[in-house]
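A quick write-up on the structure given underneath.
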Amino acid sequence: MGYKAKFRVWRGEGGEGRLEDFTVEVNEGEVVLDVIHRLQATQAPDLAVRWNCKAGKCGSCSMEINGKPRLGCMTRMSTFEESETITVTPLRTFPVIKDLVTDVSFNYQKAREIPSFTPPADVKPGEYRMQQVDVERSQEFRKCIECFMCQNVCHVIRDHEENKPNFAGPRYLMRIAELDMHPYDVADRKESAQEEHGLGYCNITKCCTEVCPEHIKITDNALIPMKERVVDRKYDPLVWLGSKIFKRQR
Amino acid sequence: MERHEYDVVVIGAGGAGLRAAIEARQQGKRTAIVCKSLFGKAHTVMAEGGAAAAMGNVNSSDNWMVHFRDTMRGGKFLNNWRMAELHAKEAPDRVWELEAWGALFDRTKDGKISQRNFGGHEYPRLAHVGDRTGLELIRTLQQRVVALQQEDEKLHGDPEAYIKVFAECTVTRLLKDGDAISGAFGYWRETGDFIVFDAPAVVLATGGIGKSYVVTSNSWEYTGDGHALALLAGARLINMEFIQFHPTGMVWPPSVRGILVTESVRGDGGVLRNSEGRRFMFDYIPDVFKDKYATTEEEADRWYDDQANNRRPPELLPRDEVARAINAEVKAGRGSPQGGVFLDVSTRLPAAEITRRLPSMHHQFKELADVDITKEPMQVGPTCHYVMGGVEVDADTGAASVPGLFAAGEVSGGMHGSNRLGGNSLSDLLVFGRRAGAGAAAYVDGLAKRPAVTGLDEAQTEALAPLERSGGENPYEVHHELQRTMNDLVGIIRKSEEISEALQVIEKLKERAKNTASSGSRIYNPGWHLAIDLRNMLLVSECVAKAALLREESRGGHTRDDYPGMSAEWRRRLLVCSAKPDGTSITVEEDVQPSMRGDLISLFERSELEKYLTEEELAEYDAAVKES
Ligand SMILES: Cc1cc2nc3c(=O)[nH]c(=O)nc-3n(C[C@H](O)[C@H](O)[C@H](O)COP(=O)(O)OP(=O)(O)OC[C@H]3O[C@@H](n4cnc5c(N)ncnc54)[C@H](O)[C@@H]3O)c2cc1C
Ligand code: SF4
Ligand code: SF4
Ligand code: FES
């Protein structure tokens, strides 16, 4: 049942590091995160890795496995050949703190730059009435577990440090779309999406959608519709005004 | 040493901590939120089913009184009734408030928040978003904190002027000035550097203790830190013997052992079978429930379509009953190959219906266990899920017995009595998180001067000790032995000899924990972190075991093989744990549970209360009823 796997794990801190080789036991049914934990318990007690839920719900254990961004807790060892060397490295777009742990504060910074939910002043708690079909679009985006793998993979900022100040990244552009599609949000988000948060940088390559562990259609359902809304708004301000009046009547 | 001054420091960024911090900030207090993980990752994120609140959106007969009754029944009347009352009354407002902060719950046809059925709740009561309600709750509160920060940026030019999150920062000691709280001491996980919070009020919202058990649905964060911090600061813990084992956790593969299988599987028709193919739950219907549950498979199966004329299937008995039954089947040698029992929905519903109703379970088993639940049964077994016990607090303000200390959420005790109903935790977090935040703010307003921080040297020495020892014990091994011990000896079914044995092992482990050594640097060093956490897990485990040994009855999350019955005498008794002044061991004392207020007890029928109360208490009831 069990076998010895070859692991190559990035180890290091303070800007320096290297890949370290390990041979480690693997038992039936295990995921990559289990193997990392076994390394901690037996060979490398100070090996740093983030995790919480072990069930794909918290988005803590993002790492690059053989170069692909994955959740360590949802990547089964049975998807690899027993003879294969498995290389585990930290997310590339963010600075490494130690081993597999990166500094993801960029994302929290971006989160704070997006203006919050803005309901009409006269609706009181308990008075909200919304139809299921009208909340479903935003609900899809709220499935996001903030694993930041879409942020990590987007070529606009992967290897392009210089774009970081002007680009919110797919997760937060999607947050703008989520609020824009919220039946009770009254803020105008189209212009700022383009001007301040860098929607224009996105050239719809869909790499973000491909890595999303929640299978959110980030590009098709959030980014492209948002781009269309921006265009509509540019040509016809009444379209925007009209949609908001319609929303308020529900 | 890095030092910060705040009015209120909230330890924990789950539902309870965030709601407390939001309240303190809204009351104008400078507030810090400290948490071990990244912001937005706390355990609350894992909650699936929903938040219980008697809004009456689906069945208009629901109201706070029905919810109150259900909660007291669920807790077998051991609950702090004032907490259960406030909880039932305020939960709807707390849920509606989330909606005004941007939460998007599933809807009813008329556009209101939809509510779902759950075990022990008389009416459909759980506000939910599919099976990811906890994520919605935490994200909404997180985004509310961000909204407040944006407000502060406009007003003061600094988003963190009034509310700041210290993420990946672990508190290891509360600091005091004489009797009163004066702050908290901790370390940054990222650098290992120490940090001191200088604050007159601390709100504990650190969640549970599941990591003292091998098989648990809880994450690494649940090392009972808040419980231990409170003990070491001189506060009291109550109800520590009551631990909820959820009947259905995954048992295979080993990597996912303990991960939750939602109750909805059984609600939607899933049945439990042993290795002989028998639907064994029919053999485990306790006398008190005999008239409410079906006795034949035919009747049970009819219930799904016609609930008015048939009784419920016994798979839907309360969590503690089902967990004990599964345990008994496995012990009798009728378990599944990997040590659980079979939970089968594949022969009960068409495949398409299963994937529609239980998408995340389908996904979870497919991805993690190579099991297609539309074609084959799952294997499940009990998993340590929730601790009912915690810091004894004043219901209205969340204040603990130590001045300046407050607690809310899973770390507090009393609200759920001996057994928590599904869905009552998320609402608990909101109701009592808000109250503790307000309580802390009011306490700070009433102070004449700020207390002074003391005890820093001791705190620092203690935290550094594992790094300074070389060639000591491996903390992972000590942890593992504790987990095995608690699982095997103070688990779901307990007996005197086994608990005593566990206490002996805990004593030995305490000695070994003092000798743990962690190699490596102070930078993000999980081995060191675990060595520090061991102190907390050991203290908490000692509370659980000592209280469990004393309580000579079976009730809710505490089952004694040697005392199988429920006792009215014991219902009146609270077991209160406190630490000896040097913090090395635990003492447990008995206290009296206060009688329920007349108007509240009158909400029950005498015939029901007779099952729980002593003659003396029933006389009080008769008097209360006469008066009203
Ligand atoms: C799988 C699962 C499903 C569940 N489903 C439901 C459900 O459907 N409905 C329901 O009502 N309940 C449910 N529960 C229970 C419920 O989720 C928890 O009881 C609740 O989320 C606890 O919230 P909390 O705010 O008390 O603590 P948590 O959300 O656990 O937060 C604790 C916080 O404290 C921090 N912390 C801990 N120790 C320290 C320290 N030493 N220093 C600094 N910070 C610290 C942590 O980092 C974290 O931020 C479920 C539980 C599980 C495990
Ligand atoms: S679709 Fe846009 S946001 Fe997504 S990865 Fe491509 S460029 Fe980035
Ligand atoms: S959108 Fe998907 S990939 Fe991006 S952070 Fe959220 S869950 Fe992760
Ligand atoms: S540990 Fe939570 S997503 Fe992997």
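Please treat every number below as a calculation from the coordinates, not as lab data. Every value quoted in this text rests on a predicted model; they were computed, and no experiment measured them. Glycine gets a Cβ as well: all are built from the backbone with ideal geometry, and neighbour counts include every protein chain shown.
Key figures
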read-out	value
Computed lengthening from A:GLU196 to A:GLN132, 0.36 nm per intervening residue step minus Cα-Cα distance	19.9 nm
Reachable lysines from B:LYS29, criterion Cα separation under 28 angstrom, eight or more residues apart if same chain	A:LYS110, A:LYS124, B:LYS41, B:LYS89, B:LYS154, B:LYS164, B:LYS176, B:LYS449
Rel. contact order, % - alpha carbon contacts under 8 angstrom, at least six apart, the range A:3-102	35 percent
Chain B: calculated mean residue ellipticity at 222 nm from DSSP helix runs of at least 4, using -39500 (n - 2.57)	-11500 deg cm²/dmol
Partnerless Cys - chain B, beta-carbon criterion under 4.7 Å	B:CYS35, B:CYS169, B:CYS384
Contour minus Cα-Cα distance for B:ASP193 and B:SER470 (0.36 nm per residue)	97.7 nm
Sequence of B:THR295, A:THR219 once ranked by neighbouring C-beta atoms within 10 Å, starting from the fewest	B:THR295, A:THR219
Averaged over A:136-147, number of beta-carbon atoms from partner chains that fall within 10 Å	4
Spin-label zone in the range B:446-463 - amide nitrogen under 11 Å from a point set 7 Å from the Cα of B:GLU511 along the C-beta vector	none
Candidate lysines - alpha carbon under 20 Å from B:LYS331, same-chain residues fewer than 8 apart omitted	B:LYS495
19 Å Cα-Cα threshold exceeded, pairs from A:LYS98/A:LYS143; B:LYS510/B:LYS580; A:LYS54/B:LYS375	A:LYS98/A:LYS143; A:LYS54/B:LYS375
Sorted by Cβ density within 10 Å, fewest first, the residues A:CYS73, A:CYS61	A:CYS61, A:CYS73
Counting DSSP beta bridges with both ends in the protein assembly as shown, the antiparallel % (nearest 5)	70 percent
Longest site-free stretch - chain B; sites: GluC sites (Glu not before Pro), DSSP loop, at most 15 other Cβ within 10 Å	B:277-551
Computed [θ] at 222 nm, deg cm²/dmol, chain A (DSSP H ≥ 4; -39,500 (n - 2.57); rounded to nearest 500)	-9500 deg cm²/dmol
Trypsin sites (Lys or Arg not before Pro) restricted to the range B:546-628 and DSSP loop, no more than 15 other C-beta within 10 Å	B:ARG597, B:LYS611
Exposure proxy ranking, count of Cβ atoms within 10 Å, fewest first, for B:LYS495, B:LYS41, B:LYS112, A:LYS124	A:LYS124, B:LYS495, B:LYS112, B:LYS41
FRET efficiency, B:SER275 to B:ALA352 (Cβ-Cβ, R0 25 Å, nearest 0.05)	0.30
Charge sum, other residues only, whose C-beta stays under 13 Å from B:ALA332's C-beta, Lys/Arg counted +1 and Asp/Glu -1	+1
Full-stretch length increase - B:GLN307, B:GLU610 - with 0.36 nm per residue and alpha-carbon distance subtracted	106.3 nm
C-alpha long axis of helix B:456-468 to longest principal axis of chain B, angle in °	70 degrees
